[in-house]
Amino acid sequence: MSTTPEADARDLFARLTGAEPEGVWSSPGRANLIGEHTDYNDGFVLPFAIEHRTHAALGLRGDGRIRVASTFDDAVAEVALADLDRLFPDRRGDVPEWATYPLGVAWALLRTTGLAPAAVTGVDLAIASDVPVGAGLSSSAAIEGAVASALNETWDLGLDRVELAQAGRRAENEAVGAPTGIMDQMASMLGQPDAAIFLDCRTLDANVVDLGFARAGLELVVIDTRVKHSHATGGYGERRAACELGARTLGVPALRDLSLDDLPRAEQLLDETTFRRVRHVVTENQRVLDTVRTLREDGPRAIGELLVASHASMRDDFEISVPELDTAVEAALAAGAIGARMTGGGFGGAAIALVARADVARVTDAAAAAFQAAGFRTPHVFTVTPSAGARRDG
Ligand code: ADP
Ligand code: MG
């Protein structure tokens with residue numbers, strides 16, 4: 001029977017080692033309020049940490065090895081810390097794919113600090129989570145953040161939260177081999193209750209922005225379409241390539257360096273498809289800035305139109321939506337949501353809807369009914385609450 005993920009991590013640790021862990025660390029998943037596919041274009045994002053978390057129970061071992069286990073998978077992986085450099089990146093296939101996340105974090109931390117494997121202690125890690133996997137809520141950043149926090153303290157590395165986020169990203173990019181940006185790890189490390197992280201992905205300048213959902217009586221509803229997204233398949237890479245082509249053609253380091261005023265010139269220089277990809281990123285960056293300003297000046301009830309415009313841009317210009325996501329957004333809006341959009345990388349995953357507390361049941365029912373009418377799988381609909389970032393739990 002499942003209890004809490006912290007208790008599950010402790011149980012798994014006890015089964016693995018027969019002992020108590022030294023400590024338990026956790027880090028949350030995240031939802032992105034607005035700013036999609038802007039992170040790897042050096043742009044702006046506005047994610048928040050959610051209350052769903054991944055916990056890592058850690059114990060010491062004296063033989064210089066690292067062993068990882070997770071309730072996610074029966075296979076346990078074990079390797080000498082000195083062999084991590086042989087494992088990544090070329091021989092990552094020697095361990096189960098999920099294990100490349102925690103082992104990759106250990107590898108990235110050693111690489112980043114320049115510490116010799118012999119200078120740190122071996123560890124056992126037992127991992128459990130209630131972050132839905134592959135739903136666009138970044139279970140990957142949650143596992144990276146939990147493991148990075150645990151190892152940072154255990155190995156006395158003294159890295160700050162931004163450095164831990166960077167190590168998580170490095171693990172995901174180089175060890176796992178998924179070409180993702182820094183947003184997820186920053187949200188997971190820096191989250192605060194009822195607040196979002198306004199992040200400049202170029203400078204890594206992060207500002208906490210009050211969301212005020214609780215005060216305004218608002219809930220953030222997630223509609224998980226249960227359509228699997230995957231970074232391994234082509235769509236994500238193609239979008240990144242189109243953005244790089246756009247920036248190169250326009251002579252800027254990244255699409256972040258373009259503003260709305262540059263769009264007419266972009267339209268002249270780029271092929272039609274690349275132009276629409278560029279237009280999404282440029283307008284989305286502006287929408288993030290507008291959302292931050294609107295939250296500060298007018299409060300969360302005023303951001304609905306920006307969320308809706310973001311969805312339209314992803315559907316029509318960036319073309320990363322799928323019929324299930326469009327249906328979720330349309331059903332939520334028709335049932336009274338203040339705003340709604342797909343979130344995450346696209347091609348599946350989840351939509352989010354900003355909803356007055358009194359309308360949550362109506363939006364939930366409307367989404368389920370619309371999916372049934374369209375012949376889609378029943379969606380998972382639940383609320384997420386903006387919550388605290390990575391921490392030690394015990
Ligand atoms: P997401 O949108 O959830 O981040 P990703 O494809 O980026 O989706 O990452 C999901 C992968 O991360 C899983 O397939 C698994 O390999 C790994 N992962 C996430 N959470 C856990 C966990 N609790 N235990 C083991 N592996 C995990
Ligand atoms: Mg991920």
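Inside region 6-24, residues that are open to solvent by 10 Å² or more (accessible area, probe 1.4 Å) and touching an Asp or Glu at 6+ places or on another chain (Cβ under 9 Å) make up a count of 8. Of all residues in region 341-377, exactly one satisfies the criterion of being of a type in the set (D, E, K, R) and in contact with a Leu (Cβ under 6 Å, 6 or more places away or on another chain), namely Arg341.
Filter region 329-380 down to residues that are assigned to a loop (DSSP other than H, G, I, E, B) and farther than 28 Å from Gly181 by Cβ and give me whichever is nearest to ligand 1 (Cβ to nearest atom).
Taking region 329-380 as the starting set, the residues that turn out to be assigned to a loop (DSSP other than H, G, I, E, B) are 335-338, 343-349, 375-379.
From what's left, farther than 28 Å from Gly181 by Cβ: 335-336, 375-378.
Details: Ala335: 26, Gly336: 28, Gly375: 25, Phe376: 20, Arg377: 18, Thr378: 20 Å.
So the residue we want is Arg377.
Considering region 281-314, the residues that are surrounded by fewer than 18 Cβ atoms within 10 Å (Cβ to Cβ) and of a type in the set (Asp, Glu) include one that is nearest to Phe44 (Cα to Cα), namely Asp290.
Do the conditions hold for Gly35, that is, is it part of a strand (DSSP E or B), in contact with a strand residue (DSSP E or B) (Cβ under 6 Å, 6 or more places away or on another chain) and assigned by TED's automatic domain parsing to the domain that holds Asn152? Taking the combined requirement at face value, the residue does not satisfy it.
Please work out if Arg239 is over 30 Å from Glu330 (Cα atoms) and in contact with a helix residue (DSSP H, G or I) (Cβ under 7 Å, 6 or more places away or on another chain). Here the answer is no, as Arg239 does not meet what is asked.
Of the numbered criteria (1) within 16 Å of ligand 2 (Cβ to nearest atom); (2) under 18 Å from Ala141 (Cα atoms); (3) open to solvent by less than 30 Å² (accessible area, probe 1.4 Å), the one Gly177 fails is (3). Here the strands (runs of 3 or more DSSP E) wholly within region 109-225 that include at least 2 residues being within 16 Å of ligand 1 (Cβ to nearest atom) and not acidic (Asp, Glu) are 122-129, 218-224. Yes or no: region 63-77 includes at least one residue that is among the small types (Gly, Ala, Ser), open to solvent by 20 Å² or more (accessible area, probe 1.4 Å) and in a strand (DSSP E or B). Yes, region 63-77 contains a residue that is among the small types (Gly, Ala, Ser), open to solvent by 20 Å² or more (accessible area, probe 1.4 Å) and in a strand (DSSP E or B). Restricting attention to region 136-144, does a residue exist that is more than 15 Å from ligand 2 (Cβ to nearest atom), open to solvent by 20 Å² or more (accessible area, probe 1.4 Å) and either out of contact with any helix residue (DSSP H, G or I) (no Cβ under 6 Å at 6 or more places or on another chain) or not assigned by TED's automatic domain parsing to the domain that holds Asp39 (or both)? Within region 136-144, none of the residues are more than 15 Å from ligand 2 (Cβ to nearest atom), open to solvent by 20 Å² or more (accessible area, probe 1.4 Å) and either out of contact with any helix residue (DSSP H, G or I) (no Cβ under 6 Å at 6 or more places or on another chain) or not assigned by TED's automatic domain parsing to the domain that holds Asp39 (or both). Looking only at residues of region 216-248 that are free of Cβ contacts under 8 Å to residues at least 40 places away in the same chain and open to solvent by 60 Å² or more (accessible area, probe 1.4 Å), we find that the one that is farthest from Asn41 (Cα to Cα) is Glu238.
The values are calculated or read from the model by the stated rules, or taken from the named source; none is laboratory data. No experiment lies behind these values; they were computed from the predicted model shown. For neighbour counting, all protein chains shown are included, and Cβ atoms are generated from backbone atoms with ideal geometry for every residue, glycine included. For the accessible areas, the whole protein counts, side chains as well, though only heavy atoms, and no ligand, DNA or RNA atoms are used. Shrake-Rupley method; radii C 1.70, N 1.55, O 1.52, S 1.80 Å.
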